[in-house]
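Taking it in order: structure first as structure tokens, then the write-up.
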Amino acid sequence: MMTSNNPSEQLERLTWLETKMLIRSDYQRLRVERLRRVPFATGKTWLSLSFLCVLLFRLSSHNWRAGRTWLSRMLWHLNILLTGTDISPPADIGEGLVILHPTGTAIMGSIGKNFTVVACSGVGGELGRNEKVANWPGVPLIGDNVTLEPLSGILGPVRVGNRVRLCPGAIVTRDIPDDSAVKSPRSRIMKQNTSDKENT
């Protein structure tokens, strides 16, 4: 529960040891996921953008929780600049965070452990909806072992259960129960109007 008007005090503080354990868990899970999903990936895992974006988020979040908001914001902007990933410092994300393709990813909300983001996906608030289900008004509350496939997203103050998978292109704007797969609407082909072509 939020007990302070200071945003940096609305999340439980973490010791440096706790933050290091989160980073270690993220790294170990990333190694497994890279081998499983990207068999042609080369180079060291700790040099990949996938690890760098999560590392910078963990450091930014650690400083946010400690009240060092200026340093937290600097790390947040550095993450956007270097990796193209926008993970807000107040985001509350459990261990085992994996972002396989960082560029174009945006995350804000309360999320459980083993959260996986594949490509160009996001989690965040929705304009005009200020209900509170997570630490912050208007943002989602997401369970454990949730996967966002390419171009999928979770918007607004919704609850998403454990072991949920968003298929490519799926957008969630309502509560989703445990053990669900969310599919996008079927693509529709519409006839193009060719009668308005410009005369050349």
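When only Cα pairs under 8 Å and 6 or more residues apart are kept, what is the percent relative contact order across region 13-182?
The normalised contact order for region 13-182 reaches 14 percent.
Could you give the angle, 0 to 90 degrees to the nearest 10, between helix 49-65's Cα long axis and the longest principal axis of the Cα atoms of the chain? The helix 49-65 is inclined about 50 degrees to the chain. Helix 16-37 and the long axis of the chain differ in direction by around 30°, with both axes built from C-alpha atoms. Find out how many positive minus negative residues lie around R159, taking Lys and Arg as positive, Asp and Glu as negative, among other residues whose Cβ is under 15 Å from that of R159. Surrounding charge for R159 is -3. For region 87-166, the orientation-averaged shadow of the C-alpha convex hull comes to 4.4 nm² (one quarter of the hull surface). Here region 67-124 is treated as a sphere whose radius is the Kirkwood value from Cα pairs; by Stokes-Einstein at 4 °C and 1.567 mPa s it diffuses with a coefficient of 111 µm²/s. Under the convention that each Lys and Arg Cβ holds +1 and each Asp and Glu Cβ holds -1, the size of the dipole of the chain around its Cα centre is about 480 debye.
Tell me, how many Å apart are the Cα centres for region 33-110 and for region 138-164? Between the Cα centres of region 33-110 and region 138-164 lies a distance of 17 Å.
From the coordinates of this entry, Rg and Dmax of the Cα atoms in Å is computed, and it appears in [x] 27.2, 89; [y] 18.5, 69; [z] 20.8, 72 under the label [y].
Close amide-amide hydrogen proximity is noted between M108 and V123, G124, each under 5 Å apart and 5 or more residues distant or on a separate chain (H modeled in the peptide plane; Pro and chain starts excluded).
Ranked by the mean number of other Cβ atoms within 10 Å per residue, highest first, peptides 115-124, 167-176 order as 115-124, 167-176. Going from the fewest other Cβ atoms within 10 Å to the most, the residues K44, K113 appear in the order K44, K113. Rounded to the nearest 500, the 222 nm mean residue ellipticity of the chain from helices alone is -9000 deg cm²/dmol, with -39,500 (n - 2.57) taken per DSSP H run of at least 4 residues.
Since every read-out is calculated from the coordinates, none of them should be taken as a lab result. These figures come from a predicted structure and were not determined experimentally. Virtual Cβ from ideal backbone geometry, glycine too; neighbours counted across all protein chains shown.
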